[in-house]
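The structure appears below as structure tokens.
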Amino acid sequence: MQLVHNLRFTPFTFCRRLSATPSLAARCCSSPPSPTIAAKPLFLRPPHHPSTLSDLRQWYSWAYLLSTSVGSSFLLSDGGPDSSLLLRELRWLLEDVLDTSSGIHPHLVTHPDDDSHRKVWLRAEIGDLYRLWRQRIEERKPFQYVVGCEHWRDLVLWVREGVLIPRPETEMIVDLARDAVGKNPFLRDGLWADLGTGSGAIAIGVSRLVLGDGGKVFATDLSPVALEVASYNVCRYGLEDAIELRKGSWFEPLRDVQGKLAGVVSNPPYIPTDDMLGLQAEVGRHEPGLALDGGVDGTDDLLHLCHGASSFLQPGGFFAFETNGEKHCQFLMEYLAREFKGSFRSVDVVSDFSGIPRFVIGFRC
Amino acid sequence: MEVTGVARPSCCLYLSPGPHRPRLGRGSVLLPLAVPVNPSYDPPLARISSSSRRPPSTSAVHSVPDNQLRGSDSAEWAMQDFYSLRREVEVISGRVEEIRVAAGLQQLEKELMDLEAKASDTAFWDNRAQAQQTLSSLTDAKDKLRLLNEFKAQAEEAETVVALTEEMESIDASLLQEASGIIKDLNKALDRFELTELLSGPYDKESAVITISAGAGGTDAQDWADILLRMYVRWGEKQRYKVRVVEKSAGEEAGIKSATLEMEGRYAYGYISGEKGTHRIVRQSPFNAKGLRQTSFSGVEVMPLLPEDSLDVEIPEEDLDISFSRAGGKGGQNVNKVETAVRITHIPTGVTVRCTEERSQLQNKIKALSRLKAKLLVIAEEQRASEIKQIRGDAVKAEWGQQIRNYVFHPYKLVKDVRTGHETSDINSVMDGELEPFIKAYLKYKYSAVMSGNNDLS
């Protein structure tokens, strides 16, 4: 179980991990902080803000009350989080903001006893904490933007406004890729593409878990913000040599490797335009429409990806796409069978953890 | 209070620090020293020779001037007292001998030699984890051996005093008090040693994971679960374990639906494992305007926090029912919720664990699986099953849900353990984490049950 803990990156373990590969460590850890330092994940910022345990408790009590006042109202209005989920987030915010090296741990804050005069060191000013939690509740700003990170698989990824927050459902794409490589080991050292990479989650997951030393992932995105975030995350995991970021729409920046890709994976925008208005506030109001809106029936980009896969994959190459659910999966299955007769084999639908048909996978013949 | 570094129970349940008991520093040995090393403690033999010549007293052991003691020599130490002291010395020498045999002294010496040979191997540090483990066993064995030898040395000192007094014509009061003190301390140390022996289960040394869940009954039960959580946090802090509340799910009005605590430190599991079961409270409900008497229940589960490499249990995929909390609705991009809880049921035994505290689904799944394995290993050990397959699921439910303790706040105050019969009316101290007497009583109860079980078998 200790191992599990270690997977969650603290700045310390991260640096140690990097130093295992000296060349990368030199590039990532010792380089002077980049200008985007303020935008880094909260938990990686230096704990330079002094406060007292009693002030922190006061903030926590305030935030606690604000969260409980929500009750089920968000849930009923748009399927948003209820109080108990908000309280879980609040606890995580506390974990991220509090420097525990001085012996002050979150439960000292949440279990008021004595010692209230004790000094604590925070990674943000206490005033900012009030602002952040107000944004969370009043503006429905996604928790991941509030703390600047998303825990996804065994990764902790920087995310910020303008980049889609990777979802737990999407974690499975990495497993699907691993299964495909397990059955077809030659794919392990091939060229892969993560199209519309956003934070770089899938590319990093595939690169770390699936590919061998000879393998490489091209991660493309149209959005400069996404590329900045993905670049930071790739660097943080020391994968600059294994993942190449390219700017552009879908396959466009990959013309030089047409017909040579061993794998294509993507979580493209797939929400039908009409559904965009009724989305949970955290999603609809804050996450980038570019990463969500999939056109009239949500399949615009999925169809584009299918076409691209037929010409960009090498024979035997694998693809996996995330979709909006059963309707999309069925539609794509039929479309692939009809339009690309003989181009693909072993095309299949895979359900996510909730049992919703979510992914379409297959191999190029 | 969380303590970083080696979390060792500074004063365990069995230890009531004497006036001159040294405080063991952080990172010190596992077992407390047998007898306090008082800096001003004169070696008895030196004192014997000096006191027989009656020099001016330089002893700092007693604050009372020597001449005052002298005056009451014969009054305080009549021959009768000497005989009873001699008897005590005989008894304690016998006890020391018994304990040395029972602890497997010879076996221990051999073990120590083996471990030392291992540690001096050139390839020792190739496997870091294993090396650490060997070193830790080595320290344990050394400490235990040293302790057993100290017991013997102390007993011999007391014997010497008796022998010398018999040779001498008169009785030296300070000398006899010295011997009496040795016997008292030695008895305490032997008690402590025995209790540590009670914690010799395969997982007793490990850290512990404690899960508290409110029983049916709404706010009252949820409040009760919260009180228990506080009780265990306080207990753990007193033991100087590193205590972390890793998950807490708040109740609607007050209290908690459930909470998970991790207690890191040596022997945490051994001590706390006896707390698993159902805890019942009887009180006037604080949530009821009429203040009616209310009975509520909360369940406590305790599992060892086992290192990943010790969980070498293969569980077939088809034996596992893994379910994830569903965000609801269309899922995927449509939803953004931090709901990543994972629940795993081991189908053949019905043993279930849930993990919600991690922030990604994969992490929750890994942790839940680890906990499931730990739980199955513990159950297998309890049922003396050699493998998971042999676990009787029906028995698990009965054993893990057994009511173990009653906490009555009203109409009278009483905490009573159903199994051991141990009870106290000082309910506030118990709620403040004073669990030592209960834990001690349970460990002894368990030990004697095992012993009599063994006798039945043989």
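The values are calculated or read from the model by the stated rules, or taken from the named source; none is laboratory data. As the structure is a computational prediction, the values presented were derived from the model and not from experiment. Because the Cβ atoms are built from the backbone with ideal geometry, glycine has one as well, and the counts that use them run over all protein chains shown. In case anyone asks, the SASA skips ligands and DNA or RNA and just uses the protein heavy atoms, side chains included. Shrake-Rupley method; radii C 1.70, N 1.55, O 1.52, S 1.80 Å.
Computed values, structure above
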item	result
Residue count, region A:150-171 (criterion: under 20 Å from B:Lys365 (Cα atoms) and more than 9 Å from chain B (Cβ to nearest Cβ))	2
A:Leu303 vs. criteria open to solvent by less than 10 Å² (accessible area, probe 1.4 Å), touching a residue at least 24 places away in the same chain (Cβ under 8 Å) and either within 14 Å of another protein chain (Cβ to nearest Cβ) or not aromatic (Phe, Trp, Tyr) (or both)	no
Members of region B:94-140 that are open to solvent by less than 60 Å² (accessible area, probe 1.4 Å) and among the aromatic types (Phe, Trp, Tyr)	B:Phe124
Those residues of region A:51-74 which are open to solvent by 70 Å² or more (accessible area, probe 1.4 Å) and assigned to a helix (DSSP H, G or I), in sequence order	A:Gln58, A:Tyr64, A:Leu65
Single condition B:Arg244 does not satisfy, out of (1) at pLDDT below 85; (2) within 12 Å of chain A (Cβ to nearest Cβ); (3) open to solvent by 20 Å² or more (accessible area, probe 1.4 Å)	(1)
Close pairs from region A:251-267: first closer than 20 Å to A:Glu322 by Cα, partner surrounded by fewer than 19 Cβ atoms within 10 Å (Cβ to Cβ) and of a type in the set (Phe, Trp, Tyr), Cβ under 9 Å, at least 6 apart	A:Ala262/A:Phe186
Residue ID - nearest to the other protein chains (Cβ to nearest Cβ), chosen from residues in region A:312-343 that are open to solvent by 30 Å² or more (accessible area, probe 1.4 Å) and closer than 27 Å to A:Asp256 by Cβ	A:Glu339
Residue list for region A:88-103, filter: facing chain B (nearest Cβ under 9 Å), at pLDDT 75 or above and open to solvent by less than 20 Å² (accessible area, probe 1.4 Å)	A:Glu89, A:Trp92
Test: residue in region B:342-351 that is among the aliphatic types (A, V, I, L, M), within 14 Å of chain A (Cβ to nearest Cβ), open to solvent by less than 50 Å² (accessible area, probe 1.4 Å) and closer than 30 Å to B:Val418 by Cβ	no
Qualifying positions in region B:279-299 - out of contact with any Ser or Thr (no Cβ under 7 Å at 6 or more places or on another chain) and within 21 Å of B:Glu399 (Cα to Cα)	B:Ser296
Residue tally, condition facing chain A (nearest Cβ under 10 Å) and either open to solvent by 10 Å² or more (accessible area, probe 1.4 Å) or modelled with pLDDT under 85 (or both), over region B:227-236	2
Residue in region B:361-382 that is outside any helix (DSSP H, G or I) and either open to solvent by 70 Å² or more (accessible area, probe 1.4 Å) or at pLDDT 90 or above (or both) present	no
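Each row is one residue, and each column tells you yes or no for (1) more than 19 Å from A:Leu305 (Cβ to Cβ); (2) open to solvent by 30 Å² or more (accessible area, probe 1.4 Å); (3) of a type in the set (Val, Ile, Thr).
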| site | (1), (2), (3) |
| --- | --- |
| A:Val146 | yes, no, yes |
| A:Trp152 | yes, no, no |
| A:Val156 | yes, no, yes |
| A:Met172 | no, yes, no |
| A:Gly182 | yes, yes, no |
| A:Leu191 | no, yes, no |
| A:Ala203 | no, no, no |
